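Before any comments, here is the structure.
The values are calculated or read from the model by the stated rules, or taken from the named source; none is laboratory data. The model shown is predicted, which means the values in this text are computed figures rather than measured ones. Every residue, glycine as well, gets a Cβ built from its backbone with ideal geometry; the counts of neighbours run over all protein chains shown. We work out accessible area using only protein heavy atoms, side chains counted, and drop any ligands, DNA or RNA first. Shrake-Rupley method; radii C 1.70, N 1.55, O 1.52, S 1.80 Å.
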Amino acid sequence: MRFLTAGESHGAGLTIILDGVPAGLTLTADAINADLHRRQLGYGRGGRMHIERDAVKFTAGVRFGKTTGAPVCMFIENRDAKNWLEIMDPQGPSPENALEIEKAFIRPRPGHADLAGYYKYRPQDLRDVLERASARETAARVAAGAVAKAILSAAGATVFSHVLELGGVRVPAASLAALDYAHPQALIERIEGNDLRAAADDDVLASMRKAVDDARMAGTTLGGEVEVLALNVPPGLGSYTQWDRKLDGQLAQAVMSIHAVKAVALGDGVLGAQLPGHAFHDAIERSESDALQTIRRPSNRAGGLEGGVTNGMPVVVRAIMKPIATLRTPLTSVNLSTAQEESAHFERSDVTAVAACGVVCEAMVAWTLANALLAKFGEDTITELQQNLGAYQSGLPLPTRV
Ligand code: EPS
């Protein structure tokens, strides 16, 4: 499968085209909209989220609630577009007039795409960069990811995420060690039950909210770290035989492509810099208690992938989101018209969007895993996929405990 998105942050809306979605997949707008809603939430989100009510309209590829195998096309309306008609008019004023209306956006924001985009496309108005580089596009990713989640769900896999750290306030290791992956539904309800999407006690959540409040007062922004978990992913997805077929590499690329993500790790990958081999690698044990002679892995520092192939353990992807680049108290910049130092441009923004970033990371992880699943078990119909998966799982001599 592949997907493309089109749309500006303050244009008419976002279009998403998904090519290669298997036929026979049950797809409801409600399921997709539920994820779009989750992306809009989180303590520290900005004013735009009070305007939008993100929801998809199917315009192709779905009939009577099921995919047909044709390209799936979805549209998400920007409710804010009506406030930007003159500035975003596709056929309207000449660039000179546009600059006048806009009061010239020519002071690039450090950390955003503005300056690099200026070098790339040489726009007269940096709005041409801002509009497409904006994280508004992540709504389209989440819609695509919801389709991928439906495919994974048809294969018995579940994808969810939670916040590990926000602005330096970290969920304690003891809380993380106590997470019960055997009952993912209870865990997911706990995570989605708070406005930080963190599996932490109330005092830690209060510290996170205080960090957001302090940042808002200071006119600054906060980043953080999120973790995506995919449970019950079949082993054997991906390949070690060629660099571009390694699934860990594909996951890293997919997640790194998300706006403001600056670092990605698989499982406890970063600990590999400190721990010796005996402490880092996950032993392979035989589970004596299991009549099926199931292989047991007492730890999962590898994050569910060895050699770029899933090993039957939960797939764990971590991502660091940098603080949002649009600062109410701006950093120094250079006016591209006068070449004088001035404060960078500011317009409405969020204090933090780390909770939302987790939802976007879920989407990109789900998309990548669903693609690998289709590559191994069949890409034409969901029924064929399920039959092939069932035959593969029943034929495994030593099924790996998930
Ligand atoms: C976003 C909508 C945009 C951005 C935000 C993400 O809304 P606004 O109309 O306020 O610009 O604020 O993206 C950024 C903060 C950014 O720097 O790109 C959304 O729908 O998530």
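Computed with a 1.4 Å probe over protein heavy atoms only, the accessible area of MET49 comes to about 30 Å². The solvent-accessible area of THR332, taken with every protein chain present and a 1.4 Å probe, is close to 90 Å².
Rounded to the nearest 20, the size of the Cβ-charge dipole of the chain about its Cα centre is 260 debye, with Lys and Arg at +1 and Asp and Glu at -1.
Note on LEU41 and HIS278: the extension gain reaches 81.2 nm, defined as 0.36 nm multiplied by sequence separation minus the Cα-Cα distance.
The trypsin sites (Lys or Arg not before Pro) of the stretch 48-89 meeting both criteria, a DSSP state outside H, G, I, E and B (loop) and at most 16 other C-beta atoms within 10 angstrom of the site's C-beta, are ARG53.
At full extension, ASP244 and ALA177 could sit 20.8 nm farther apart than now, given 0.36 nm per residue minus the alpha carbon distance.
Here the chain exposes an accessible surface that is 54 percent carbon and sulfur, computed with a 1.4 Å probe and the other protein chains kept in place.
The Stokes-Einstein estimate for the stretch 231-287, based on a Kirkwood radius over Cα pairs and taken at 4 °C with 1.567 mPa s viscosity, is a diffusion coefficient of 93 µm²/s. Extension gain for the segment GLU285 to ALA206, taken as residue separation times 0.36 nm less the Cα-Cα distance, is 24.3 nm to one decimal. If you take the Cα centroid of the stretch 356-382 and the Cα centroid of the stretch 148-187, the two points sit 17 Å apart.
Under the combined filter of DSSP loop state and at most 10 neighbouring Cβ atoms within 10 Å, the stretch 41-84 retains these chymotrypsin sites (Phe, Trp or Tyr not before Pro): PHE64. Within a straight-line Cα-Cα reach of under 20 Å, LYS82 can be paired with the following aspartates and glutamates, leaving aside sequence neighbours fewer than 8 residues apart in one chain: GLU8, GLU52, ASP54, GLU100, GLU102, ASP128, GLU131, GLU137, GLU347. Annotation: per residue accessible area for the chain equals 47 Å², rounded to a whole number [probe 1.4 Å, protein chains only]. Is any helix in the chain, taking whole DSSP H runs, at least 30 angstrom long along its axis by alpha carbon and on average at least 1.0 on the Kyte-Doolittle scale, and which ones? Qualifying helices, which must be both long enough and hydrophobic enough, are 354-377.
Considering only Cα atoms, the convex hull volume of the stretch 1-142 works out to 135 Å³ per residue.
Kirkwood Rh, the chain, all Cα pairs: how many Å? Answer for the chain: a Kirkwood hydrodynamic radius of 22.6 Å. Here the calculated FRET efficiency for ASP380 and GLU192, from their Cβ-Cβ distance with R0 = 41 Å, stands at 0.75, rounded to the nearest 0.05. Placing unit charges on each Cβ (+1 for Lys and Arg, -1 for Asp and Glu) gives the chain a dipole about its Cα centre, and among LEU374, ALA178, GLN274 the Cα reaching farthest toward its positive end belongs to LEU374.
Straight-distance candidates among the lysines for linking to LYS246, with alpha-carbon spacing under 27 Å and chain neighbours fewer than 8 residues away dropped: LYS149, LYS262, LYS322, LYS376. Residues LYS120, LYS149 ordered from highest to lowest accessible area at a 1.4 Å probe: LYS120, LYS149.
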